[in-house]
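Participant: What follows is a structure written as structure tokens; I'll ask about it next.
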Amino acid sequence: MVERRTLLQAAVAAGVLPYLSAFGATGATGSDPILRAIPSSGERLPVIGMGTMHTFDVEGDEPTFVRLAEVLQAFFDNGGALVDSSPMYGKAEQVFGDVLQRTTRKDALFTATKVWADGKQQGIDEMYRSMGRMRVTSIDLMQIHNLRDWRTHIETLREWKEQGKIRYIGVTTSHGRRHDELVEAMQETDFDFVQFTYNIVDREAENRLLPMARDRGAATLINLPFGRATLFDKVRGKQLPEWASEFDCASWAQFFLKFCLGDPAVTCVIPATSKPHHMVDNMGAGFGRLPDADMRQRMIRHLESL
């Protein structure tokens, strides 16, 4: 969106991006990315990951490959690791696997995808296809997409984890109406990761999902942190408040991402973008200070006042 790029360019020109440089150069200047631990293992992940829904579900012509390779390279160059996909996302896994071959520093990659099928064998077949499409021999995190046939797939995932085909087991939802089912699954099963929607406007996850994940020792992946871009619509033409600099925030994208990260129960936020300069901007949220509880309330009040 034009306003987002304009704000980012203005911030660069004004010299107020302490952790980013303009459009494609590394943003991790003079600082290390924020890392948070996966409770079940202690392994630490950068707090900004990358989603692939829509953005990587595209026809794989050469100009598209070049642009998406720039996006993925900017992600790695700015300390990124976790990339989340799904066979539900059309061509996204295949395009990601093709683009991955065009990048360097991909040794940092933490692969996360999903099983989205009914039945044990269908799930197994699909997971093997995902590995082939993503051009990897194992998956770091395999998640049961939108809880689909989860009691069947959880047994397979446990077997695969023991065999070393996957390292972590997770479950996801992006629909508020499925929160009750997700809570039930978390009560029955110890997942390494749970993924759900959370952002500065949609804060329902604060009521049960985030506290429960914390109490049960599950890492959390946050999807739709921009509310399918509706948050950018809300701030279109609006100036970022000056006090955002108090938590090293230089753009609206960072404002929204750092809000999520201000909750210590959030492990990693996975925004999606198909534009390299937006990726650099997003990654800036994973550096510097984060808002505390009082500041997060101020952020909510400010957004509601716009």
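The values are calculated or read from the model by the stated rules, or taken from the named source; none is laboratory data. Fair warning: this is a prediction, and the values are worked out from it, not measured in the lab. Note that we place each Cβ from the backbone using ideal geometry, even for glycine, and neighbour counts take in every protein chain shown.
Participant: Among Pro225, Pro264, Pro291, which is the only one that is more than 16 Å from Thr173 (Cα to Cα), in a loop (DSSP other than H, G, I, E, B) and in contact with a Phe, Trp or Tyr (Cβ under 7 Å, 6 or more places away or on another chain)?
Facilitator: Values: Pro225 fails: more than 16 Å from Thr173 (Cα to Cα); Pro264 fails: in contact with a Phe, Trp or Tyr (Cβ under 7 Å, 6 or more places away or on another chain).
That would be Pro291, the only listed residue that is more than 16 Å from Thr173 (Cα to Cα), in a loop (DSSP other than H, G, I, E, B) and in contact with a Phe, Trp or Tyr (Cβ under 7 Å, 6 or more places away or on another chain).
Participant: Among what's in segment 259-284 and is aliphatic (A, V, I, L, M) and closer than 19 Å to Asp202 by Cα, pick the residue that is surrounded by the most Cβ atoms within 10 Å (Cβ to Cβ). Working first, answer last.
Facilitator: Step one: list which residues in segment 259-284 are aliphatic (A, V, I, L, M), which gives 261, 265-266, 269-270, 272, 279-280, 283.
Applying the additional criterion that residues be closer than 19 Å to Asp202 by Cα yields 261, 265-266, 269-270, 272.
Working: Leu261: 24, Ala265: 18, Val266: 24, Val269: 29, Ile270: 21, Ala272: 24.
Filtering first and then ranking leaves Val269.
Participant: A follow-up question, please. Which pairs turn up if I take residues in segment 55-68 that are closer than 23 Å to Leu224 by Cα and look for partners that are part of a loop (DSSP other than H, G, I, E, B) and of a type in the set (Ser, Thr, Tyr) with beta carbon separation below 8 Å, at least 6 apart in sequence or on another chain?
Facilitator: Thr55/Thr273; Thr55/Ser274; Phe56/Ser85; Phe56/Ser274; Val58/Ser274; Arg67/Ser274; Leu68/Thr55; Leu68/Ser274
Participant: If I go through segment 175-195 residue by residue, how many of them are surrounded by fewer than 15 Cβ atoms within 10 Å (Cβ to Cβ) and either of a type in the set (Phe, Trp, Tyr) or within 20 Å of the chain's Cα centre (by Cα) (or both)? Show your work before the answer.
Facilitator: Step one: of segment 175-195, the residues surrounded by fewer than 15 Cβ atoms within 10 Å (Cβ to Cβ) are 175-177, 180, 183-184, 187-188, 190.
Okay, now just the ones that are also either of a type in the set (Phe, Trp, Tyr) or within 20 Å of the chain's Cα centre (by Cα) (or both), so 175-176.
Count: 2.
Results for (1) modelled with pLDDT of 95 or more; (2) small (Gly, Ala, Ser), shown as yes or no for each residue.
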| site | (1), (2) |
| --- | --- |
| Thr55 | yes, no |
| Glu70 | yes, no |
| Ala74 | yes, yes |
| Gly80 | yes, yes |
| Ser85 | yes, yes |
| Glu93 | yes, no |
| Phe96 | yes, no |
| Thr104 | no, no |
| Leu109 | yes, no |
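Participant: Another one. Gly42 versus (1) at pLDDT 95 or above; (2) buried (at least 19 other Cβ atoms within 10 Å of the Cβ): which is the lone unmet condition?
Facilitator: It is condition (2) that Gly42 fails.
Participant: Only one residue in Phe255, Phe259 is closer than 30 Å to Val99 by Cα and aromatic (Phe, Trp, Tyr). Which one?
Facilitator: Details: Phe259 fails: closer than 30 Å to Val99 by Cα.
Only one candidate qualifies: Phe255.
Participant: Kindly indicate which of His302, His278 is within 13 Å of Ala74 (Cα to Cα) and not polar (S, T, N, Q). Lay out the reasoning, then the answer.
Facilitator: Numbers: His302 fails: within 13 Å of Ala74 (Cα to Cα).
Just a single option satisfies the conditions, and that option is His278.
Participant: Okay, moving on. Restricting attention to segment 188-218, and to residues there that are of a type in the set (S, T, N, Q) and in contact (Cβ under 8 Å) with a residue 12 or more places away in the chain, which single residue is nearest to His145 (Cα to Cα)? Walk me through how you get there before you give the answer.
Facilitator: Filtering segment 188-218 down to residues of a type in the set (S, T, N, Q) leaves 189, 195, 197, 199, 207.
Going one step further and asking which of them are in contact (Cβ under 8 Å) with a residue 12 or more places away in the chain, we end up with 189, 195, 197, 199.
Working: Thr189: 15, Gln195: 9, Thr197: 13, Asn199: 20 Å.
Here the residue is Gln195.
Participant: Applying the selection to segment 144-174, what residues are within 18 Å of the chain's Cα centre (by Cα) and more than 14 Å from Asp192 (Cα to Cα)?
Facilitator: Selection gives His145, Asn146, Thr173, Ser174.
Participant: Next up: Suppose we filter Ser31, Ser85 for residues that are touching a helix residue (DSSP H, G or I) at 6+ places or on another chain (Cβ under 6 Å) and either closer than 23 Å to Gln163 by Cβ or in contact (Cβ under 8 Å) with a residue 40 or more places away in the chain (or both); which single one remains?
Facilitator: Numbers: Ser31 fails: touching a helix residue (DSSP H, G or I) at 6+ places or on another chain (Cβ under 6 Å).
Just a single option satisfies the conditions, and that option is Ser85.
Participant: Give the number of residues within segment 237-258 that are surrounded by 13 or more Cβ atoms within 10 Å (Cβ to Cβ) and either over 16 Å from Gly288 (Cα atoms) or among the β-branched types (Val, Ile, Thr) (or both).
Facilitator: 3
Participant: Which residue is nearest to Thr156 (Cα to Cα), if the candidates are limited to segment 116-141 and must be touching a helix residue (DSSP H, G or I) at 6+ places or on another chain (Cβ under 6 Å) and in contact (Cβ under 8 Å) with a residue 40 or more places away in the chain?
Facilitator: It comes out as Ser130.
Participant: Can you pull out every residue in segment 103-143 that is under 20 Å from the mean Cα position of the chain (by Cα), of a type in the set (A, V, I, L, M) and either part of a helix (DSSP H, G or I) or on the phi > 0 side of the Ramachandran plot (or both)?
Facilitator: Of everything in segment 103-143, those that are under 20 Å from the mean Cα position of the chain (by Cα), of a type in the set (A, V, I, L, M) and either part of a helix (DSSP H, G or I) or on the phi > 0 side of the Ramachandran plot (or both) turn out to be Ala108, Met131, Met134.
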